[in-house]
There are 2 protein chains.
Amino acid sequence: MIGYPNNKNVNTTKSLNHVLNYNQKGMSFEERINKANTYYLDNDIAHIYKKPTPIKVLKTKQYNQNFQRRVEIQKATFEKKSTTDYNGVYKGFYIDFEAKETKYKSFNIKSNLHHHQRKHLEGISKHGGVGFIIVNFIAYDRAFLLNINEIKNYEQSLLKIEFFEENAIEIKQNKTIYLDYIKALDKLLKKEYNG
Amino acid sequence: MIGYPNNKNVNTTKSLNHVLNYNQKGMSFEERINKANTYYLDNDIAHIYKKPTPIKVLKTKQYNQNFQRRVEIQKATFEKKSTTDYNGVYKGFYIDFEAKETKYKSFNIKSNLHHHQRKHLEGISKHGGVGFIIVNFIAYDRAFLLNINEIKNYEQSLLKIEFFEENAIEIKQNKTIYLDYIKALDKLLKKEYNG
């Protein structure tokens, strides 16, 4: 137990375990994807961005700071309906995906992917884009890229890791880019899109 | 002058003129683009969305409403660096554009398009996507779609309407979709991308 300046005692073992379970590399799953995207952008490999969270601004206040007019948002709400987390362009392909992780040994597609998100990704695919999900199994420390077409008309809700081994492409993790999903994407493009 | 219930008197002639100048169809330029995008989405023509404005949330408050937990944002700021307004997929092409309008007879590219937005659109184009700007001249009630490559390495800041007539594709406006820019995009794809 460590005594913090604010007198809050923290059980370090428990905290550390939590961090280690959640994330072997000191970064959350989302941070690792963002880091990969930054690497791809900086090295002119792909332009893939995290879409901003849709927020409805209700009340703002203008003020001056260093002779510049600034706006502060004083009231806002998160808008419910968003599409997916990431989109962009790679090798001329429109890329659109949602990233999810699970602590369970199966991935519950229905509770993790909203119906409208699934429809969105299917629509992207129909229009010649590449729509997929990236799923991270914390328990196995394994991540997979699954083309949305693989679960089109698929009625089961629970997808076991064997399903991913068979139908998805595993994302090899490395120390530079962490979640280097573009190599898995390359395999998908080669196999399904003549890329 | 009309007496409004809140005792605010409004000069209707001036207000109406303002509305008419700004927008011949009772809708702002952005609303007309959003309406076109909704039409394209509903009719399964293209998936093109307005990107949410990037907002940095600083303080939230949780509360219960109808037995559901809700989150209200109490403090936030607009993040400065955004890329462009719209992106999506059409006929397998990654589409990315910024929409601007001007009340002047020339379009000032430097004051209307940030350096990083121009670089972003050029990057999109380099990776096989279609990056462009849509410019609406209020004074002429004419809108144009200009491929970003047309102004690559272009040093002039003021672009006259003649420049657009020569290098851009005019967007024909109609009563159903208002700003039916996909037809102009079709011409661009045919001419430049074998689309």
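Data overview
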{"quantity": "Tally, over segment A:32-74, of residues that are closer than 20 Å to B:PRO52 by Cα, away from chain B (no Cβ under 12 Å) and not polar (S, T, N, Q)", "calculated": "1"}
{"quantity": "One residue from B:LYS175, B:LYS183 being within 30 Å of A:TYR49 (Cβ to Cβ), without any contact (Cβ under 8 Å) to a residue 24 or more places away in the chain and of a type outside the set (Asp, Glu)", "calculated": "B:LYS183"}
{"quantity": "Flag for A:LYS110 being within 30 Å of B:TYR40 (Cα to Cα) and out of contact with any Cys (no Cβ under 9 Å at 6 or more places or on another chain)", "calculated": "yes"}
{"quantity": "Any hit, segment A:89-99, residues being aromatic (Phe, Trp, Tyr), free of Cβ contacts under 8 Å to residues at least 40 places away in the same chain and under 23 Å from B:TYR193 (Cβ atoms)", "calculated": "yes"}
{"quantity": "So A:SER157, is it modelled with pLDDT under 95, surrounded by fewer than 17 Cβ atoms within 10 Å (Cβ to Cβ), among the polar types (S, T, N, Q) and more than 24 Å from B:SER125 (Cα to Cα)", "calculated": "yes"}
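The values are calculated or read from the model by the stated rules, or taken from the named source; none is laboratory data. All values reported here derive from a predicted model rather than from experimental measurement. When we count neighbours, we look across all protein chains shown, and the Cβ atoms used for this are built from the backbone with ideal geometry, even at glycine.
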